[in-house]
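Rule-based calculations on the coordinates, nothing more; no lab input. Remember, predicted model here, so these are calculated numbers, not experimental data. A quick note on method: Cβ atoms are made from the backbone with ideal geometry, for glycine too, and the neighbour counts reach across all protein chains shown.
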Amino acid sequence: MKKVFRQIFSIIVILIMILGITGVTAYGSNSNSIAKVTNVKITKKSDRIVFKWKKLKNVTGYVIKITKDKKFKKELLKITLKNNKNKYTYKNLKTFTKGKKYYVKVRAYKKINGTKKYGKWSKKKSFTIKKKTDKTTGYWCDEGGTHHSCSDNTIGWYNTAKEAEEKTFEYLEKNGTGHYLLEQCDFCRKWTAVIKVDVYK
């Protein structure tokens, strides 16, 4: 009788060991676990937005979620990347309303036996598409350094109003007297002076 109990006990111990090993393989801290995405960065260009994050090992792809609210209840976009590239460029800026703030978070996923297993979401980040000044009333740049103006009679763009004014004086000394108007770029905050060509000689 004791021998039978010993045999049963040995079988139970072996089963526990097997199940324990299997459990670690499926759900433990091995290659099947999905790490949390970190270091999410957003770069805005004049015609696109670039999302980038720290690349993870042993994942199938990533999911980018963009919403209109910080609690992520009003989902606007959900982008699934089917590769392990840690960068994505979105070019359809008409999706976003200028002047409104949007929120972003990213998570990784891995296919295990045909099923997607997801990691935790990254910390949320935000971005805003700036409103551009009306071309008939203001002075602006394209955020890449190329300036435009509703007048062709500017003396260039400078870091301070004082520097722009000094350049204006130099111009007027060479080209005659006149009037000018100092203006500041709404985006990069540089200064220029618009020469009133109808009053200078």
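Just a few scattered comments:
- Its Kirkwood hydrodynamic radius, worked out from the mean inverse distance over all distinct Cα pairs, puts segment 41-128 at 13.7 Å.
- In this structure, the residue pairs whose Cα-Cα separation is over 22 Å, taken from K36/K101; K73/K124; K45/K71; K74/K111; K57/K87; K87/K190, are K36/K101; K45/K71; K74/K111; K87/K190.
- Note on N175 and K130: with the Förster distance fixed at 22 Å, the Cβ-Cβ geometry gives a FRET efficiency of about 0.05.
- Stretchable slack from L77 to V50, in nm (0.36 nm times residue separation minus alpha-carbon distance): 8.3 nm
- Under a 5 Å amide H cut-off, with hydrogens placed 1.01 Å from N, K36 pairs with K120 among residues at least 5 apart or on other chains.
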